[in-house]
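For reference, the structure is listed below as structure tokens.
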Amino acid sequence: MGTQPNAKGTESAQSHVLELDPELPPPAVDDAVREAEERRWTPGKVALWVAISLLGAVAWFMVALVRGETVNAIWFVFAAVCTYLIGYRFYSKVIERYLLKPDDRRATPAEYKADGKDYVRTDRNVLFGHHFAAIAGAGPLVGPIIAAQMGYLPGTIWIIIGVVLAGAVQDYLVMFFSMRRGGRSLGQMAREELGVIGGTAALVATLLIMIIIVAILALVVVNALGESPWGVLSVGMTIPIALFMGVYLRFIRPGKVMEVSIIGFVLLMAAIIGGGMVASTEWGASFFHLDKTTIAWGIIAYGFVAAILPVWLLLAPRDYLSTFMKIGVIVMLALAIIVVRPEITVPAFSEFAGREQGPVFSGALFPFLFVTIACGALSGFHALISSGTTPKLIEKERQARFIGYGGMLMESFVAIMALVAAISIDRGIYFAMNAPAALTGGTVETAAQWVNSLGLTGVNLAPSDLAETARNVGEPSIVSRSGGAPTLAVGLAHIMQQFIGGTSMMAFWYHFAIMFEALFILTAVDAGTRVARFMLQDSIGNFVPKFKDTSWRPGAWICTAVMVGAWGAVLLMGVTDPLGGINTLFPLFGIANQLLAAIALAVCMAIAAKQGSFKFLWIVGAPLAFAAVVTITASFHKIFSPVPAVGYFANNAAFAKALADGKTSFGTAKTAAAMEAVVRNTMVQGVLSVVFVVLSIIVIIAAIVATLKAFRNGGGHNHEDTPRPSRVFAPSGLFPTAAERELAAAWANVPAAKRLDRAGHH
Amino acid sequence: MKPFAGALAETPTRSLPGTLLRGFRGFAAYFRGVMGADAYGKYLEHHEASGHPAAPMTEGQFWRDRMDRQDSNPQGRCC
């Protein structure tokens, strides 16, 4: 719609001098005024930050150092929030001031490319919520739970410190650099900054990583729904509900998003309650009692259909439902934790913190804790969201700190709450739920016996405890419900029933939690498959031009089938794995996600170096080095470790040897066929690890080469869009400063017609 | 640009129900913004401001176009 800048606009921008319209108020607070405001420390301001620091210090002391019988969950909340506030106020400010140097006199893409559709200036607070809803999903709810095997402290420290120094930094940098480049995607930026080899490696790695991430998220859903008639029914009902919402929005009441979301939410609650009623009948229990393999095939079929159906029919309404639930659930969880304040009895470091072979995930604390918790501390997947979508909506450059850095702090807070929910349940129950059936034996008696044999301090689990918990949450069994989601659901039900409803409501809260986790994950599966399909089509299109045409049905279907086939194969492998699936595959998920983070940070480092900001390159270099060391070490463990539980090839060799010796049962694999499956799975997993790590090393080396070249030349080619003068103003943070309020008032008096640069439009 | 401005202007001030109503409307307007329910309004605003001679799309057309464009420009959702 006639929104491209015309020749005249480009010409004036090429001069690189921002010629502001003298008839308008300035589009930015004067630098000197802003600096003075930032550096003026009034007694009130000093007192506030002293209080925040003291509260944070006390909270960290309570969480990390006091070794009482229990620790109250509220200290986790205070430690997290105070650290976030300090990180946001001071560290992100350092990044802004010395590395990124935003300039509010420059127009953002939302202003100079404004089209009313994709490029729209959006209120910063609204965009904060919007961006948060796009980045946060099931990831921060699952990783911290699996990592709780090692006790609460390692996970807590990594989530809180990691986000301040790494995760939020990555999101902020990627968002800012993409914003300066008209909202370009990470892949496009990688090609521009790292050249053909680095760019291609980044693209292939991203594609493979997306497959792994989608597969393992799907595995989490399968594990949560397997042998759970209630879960299958209520989650299955989300499909017809979404279809109904889609038709409603398309044909009955177009654009009534809130209305249809509320209707969808009510139907969803009805599905949970109705699901419980049907599952309690004999026919319901038998009809919806599906094994994991059947559910996996169901999700694969669903994934294919969802990715080829038009967006309006299934994906968009499901996304509305998912966003609606996300905001609601997170507010509710925060309220419940603050009101209930559960006492935590789990030790800071568990017996497994110093071992390599924990039952929930295998591998030593370093590096595997840091890959098990990816989302919430450092998540590479965010780089795909922070580039592309959100930068096209930012109103002013200075708002990127609030939205990018601040948005990731919020996700980290979700991870802390998930951790609190997981560690508020009994430790015996935690291990009985999260260990594979090969260890627990699958029944309450064998599971209790196995848990008690672990010799965990303070754990004495009776079979009746497991049976009673299962009864309370309305499930046939909770033994070996690995994957994190069921544990979170039990933890959440445990907290929520103290808040609303008592024990009789536990079953509802459990299935409510399973429902929203499944909803988040299936949304990510749909969207991930679709995005991956387009990436594949684009890549094949370089050789077979016909594939570039995304509306060409056969091409779309072939590429969708390839993508679904790829993640489906990994999913089935995880579901049927005699070793337990989640505990062997989840590290691969974390490694993939962190490798993507390393790729994103590597691209950011090259960009920062080309800008000539060498003195503050450590801001990017430090998290990049950490992510690279963690993921490459973890990959090397997975590839080269001689311990079969850790190394894929060691396990492969052990099982291959056992087969060659003619054994028909080895370890947890009870048949020759199961042993062959292990040989196959470990080979696939091992090869994937090798491919990931090689691709990532190529990207990182390409980035280091680009950085060194920039260092020799004192900078490099700047790929930013040409600066254009801004004709709007908006404050940068949550609360406007005095100077910002004053300037906003001046802008409020400007007649609307005058604000528009008509020369820039047709 | 200012999603709360309209909602806040009409409500009575300085009474408890008035304040609560304002708070609720502010929250509802914020939530609408986060969900993207106000997209058509923003499109109209842009259309009017840009002085485009053609008539804007109707609400039905706008949403149809928006969804159909998403078919070829998928947006990722995170884990």
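Descriptive notes on the structure:
- Relative to the longest principal axis of the Cα atoms of chain A, the long axis of helix A:672-713 makes an angle of roughly 20 degrees.
- Here the convex hull built on the C-alpha positions of the protein assembly as shown has a volume of 175 cubic angstrom per residue.
- For region A:261-372, Kirkwood radius (reciprocal of mean inverse C-alpha pair distance, Å): 19.0
- Across peptide A:126-133, the average count of Cβ atoms from other chains found within 10 Å of a residue's Cβ is 4.
- Under-5 Å amide H pairs with A:ILE394, H placed in peptide plane, nonlocal only: A:ALA110
- Derived scalar couplings ³J(HN,Hα) [region A:642-657; Karplus, 6.51 cos²θ - 1.76 cosθ + 1.60; whole Hz; x for Gly, Pro]: x, 7, x, 5, 9, x, 5, 6, 5, 5, 4, 5, 4, 6, 5, 5
- Averaged over residues, the count of other Cβ atoms within 10 Å places the peptides A:657-670, A:362-375 in the sequence A:362-375, A:657-670, highest first.
- Rounded if a/c under 1.5, otherwise prolate or oblate - region A:322-411, Cα gyration tensor axes: oblate
- Remark: region A:634-691 is approximated by an ellipsoid whose semi-axes, taken from the C-alpha gyration tensor as √(5λ), come to 21, 11, 8 Å, largest first.
- Backbone geometry of region B:34-44 corresponds, through the Karplus equation with coefficients 6.51, -1.76 and 1.60 at θ = phi - 60°, to 3J(HN,Hα) couplings of 5, 6, x, 6, 9, 4, 5, x, 5, 5, 4 Hz, x marking Gly and Pro.
- Three-way shape call for region A:650-741 based on the alpha-carbon gyration tensor, with the a/c threshold at 1.5: prolate
- For peptide A:249-255, the mean count of partner chain Cβ atoms within 10 Å of a residue's Cβ comes to 5.
- Sequence-distant aspartates and glutamates (8 or more away, or on other chains) whose Cα lies within less than 20 Å of A:LYS670: A:ASP291, A:ASP577, A:ASP661
- Highest average packing first - A:709-722, A:173-186, A:261-274, Cβ atoms within 10 Å: A:173-186, A:261-274, A:709-722
- Region A:342-388: radius of gyration and largest Cα-Cα distance (Dmax), Å: 14.7, 44
- Seen against the Cα atoms of chain A and their longest principal axis, helix A:43-64 is set at about 20 degrees.
- Relative to the longest principal axis of the Cα atoms of chain A, helix A:238-247 runs at roughly 30 degrees.
- Neighbour-count order for A:HIS289, A:HIS637, fewest beta carbons within 10 angstrom listed first: A:HIS289, A:HIS637
- For A:ASN72, residues with placed amide H under 5 Å, excluding near neighbours: A:ILE344
- For A:GLY388, distant residues with modelled amide H under 5 Å away: A:ARG184
- Shape analysis of region A:355-452 places it in the prolate category; the axes a ≥ b ≥ c from the Cα gyration tensor give an a/c of at least 1.5, with a/b above b/c.
- Debye, to nearest 20: dipole size of chain A, +1 on Lys, Arg Cβ, -1 on Asp, Glu Cβ: 1380
- Peptide B:40-47, shielding by other chains (average Cβ, 10 Å cutoff): 4
- When peptides A:151-159, A:192-200, A:30-38, A:350-358 are ranked by their average number of other Cβ atoms within 10 Å per residue, the highest-first order is A:151-159, A:192-200, A:350-358, A:30-38.
- Pairs from A:LYS392/A:LYS754; A:LYS45/A:LYS113; A:LYS45/A:LYS392; A:LYS326/A:LYS392; A:LYS93/A:LYS113; A:LYS101/A:LYS392 whose Cα-Cα separation, in the structure shown, is over 30 Å: A:LYS45/A:LYS113; A:LYS45/A:LYS392
- Using the Karplus relation 6.51 cos²θ - 1.76 cosθ + 1.60 with θ = phi - 60°, the per-residue 3J(HN,Hα) values for region A:214-226 come to 4, 4, 6, 4, 4, 4, 4, 5, 4, 5, 6, 9, x Hz, with x marking Gly and Pro.
Each reported figure results from applying straightforward, stated rules to the coordinates on display, with no laboratory input. Because the structure is a prediction, the values reported are computed rather than measured. Ideal geometry is used to build each Cβ from the backbone, glycine not excepted, and the neighbour counts take in all protein chains shown.
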